[in-house]
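Report on the structure given below.
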Amino acid sequence: MSMALKQVFNKDRTFRPKRKFEPGTQRFDLHKKAQASLNAGLDLKQAVQLPHGEDLNDWVAVHVTCPVMSGGPKYEYRWQDEHKYKRPTALPAPKYMSLLMDWIEVQINNENIFPTNVGTPFPKTFMQVAKKILSRLFRVFVHVYIHHFDRVSQMGAEAHVNTCYKHFYYFVTEFNLTDHKELEPLVSQEDLTCS
């Protein structure tokens with residue numbers, strides 16, 4: 001088995017026990033509501049099928065490759081973390097997103113940042129970490145909308161993606177969880193398409 005496949009199927013990296021919330025608590029109720037909101041009725045098995053008349057290699061390539069993590073021609077997102085990328089570094093979109101998901105996993109599984117026991121207080125840095133997570137996730141939405149929405153539409157997934165985005169957008173704006181400058185790429189894109 002190749003090294004990449006071993007990393008994908010390494011149970012220590014990709015399979016984690018689900019976070020358990022005590023039934024009857026507010027966190028349990030919120031978790032259940034969040035899980036219920038994920039069921040939008042989209043047939044994902046059908047959505048990933050090769051569209052009629054499309055080349056299989058092209059179809060696979062657009063799902064795997066994207067040389068720059070950007071939000072249109074004026075915005076490039078660079079990766080920075082506490083370990084390997086100490087300075088903002090330009091990366092291909094798949095690498096950026098992979099690092100992002102790994103980084104988020106470390107954050108949300110850290111009991112010192114995201115306590116699961118009722119009565120355990122959140123740290124003073126909790127909102128700062130949550131805002132960073134949400135800002136970086138917003139960049140993924142921006143990238144998908146600007147660079148890949150035609151493929152989302154071809155798959156018939158636009159209603160699902162729009163619902164996910166709207167939920168995310170309303171949540172982060174309701175609680176001021178992302179800087180307004182992060183919204184600029186989609187506003188700029190809207191200006192271009194409305195002109």
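The values are calculated or read from the model by the stated rules, or taken from the named source; none is laboratory data. Keep in mind it's a predicted model, so treat the numbers as computed, not measured. Note that each Cβ is placed from the backbone with ideal geometry, even for glycine, and that neighbours are counted across all protein chains shown. Ligands, DNA and RNA are stripped out before the accessible areas are found, and what is left, the full protein with its side chains, is counted by its heavy atoms. Shrake-Rupley method; radii C 1.70, N 1.55, O 1.52, S 1.80 Å.
What to note about this one:
- Test: residue in the range 97-119 that is polar (S, T, N, Q), in contact (Cβ under 8 Å) with a residue 60 or more places away in the chain and closer than 19 Å to THR178 by Cβ: no
- Residue under evaluation LYS166, criteria (1) open to solvent by less than 60 Å² (accessible area, probe 1.4 Å); (2) among the basic types (Lys, Arg); (3) without any contact (Cβ under 8 Å) to a residue 24 or more places away in the chain, criterion not met: (1)
- Of everything listed in (1) open to solvent by less than 30 Å² (accessible area, probe 1.4 Å); (2) within 25 Å of GLU184 (Cα to Cα); (3) aliphatic (A, V, I, L, M), the single unmet condition for ILE113 is (2).
- Residues satisfying the stated conditions in the range 156-179, i.e. part of a helix (DSSP H, G or I) and small (Gly, Ala, Ser): ALA159
- Positions within the range 128-158 being modelled with pLDDT of 90 or more and small (Gly, Ala, Ser), in sequence order: ALA130, SER135
- Highlighted here are the helices (runs of 4 or more DSSP H) found entirely within the range 34-127 that include at least 1 residues which are within 19 Å of VAL142 (Cα to Cα) and either among the polar types (S, T, N, Q) or at pLDDT 85 or above (or both): 93-108.
- Once the range 169-178 is narrowed to residues that are within 15 Å of the chain's Cα centre (by Cα) and open to solvent by 50 Å² or more (accessible area, probe 1.4 Å), the residue that is nearest to VAL129 (Cα to Cα) is PHE171.
- Taking the range 120-154 as the range and being open to solvent by 50 Å² or more (accessible area, probe 1.4 Å), over 22 Å from GLU182 (Cα atoms) and in contact (Cβ under 8 Å) with a residue 40 or more places away in the chain as the test, only GLN154 passes.
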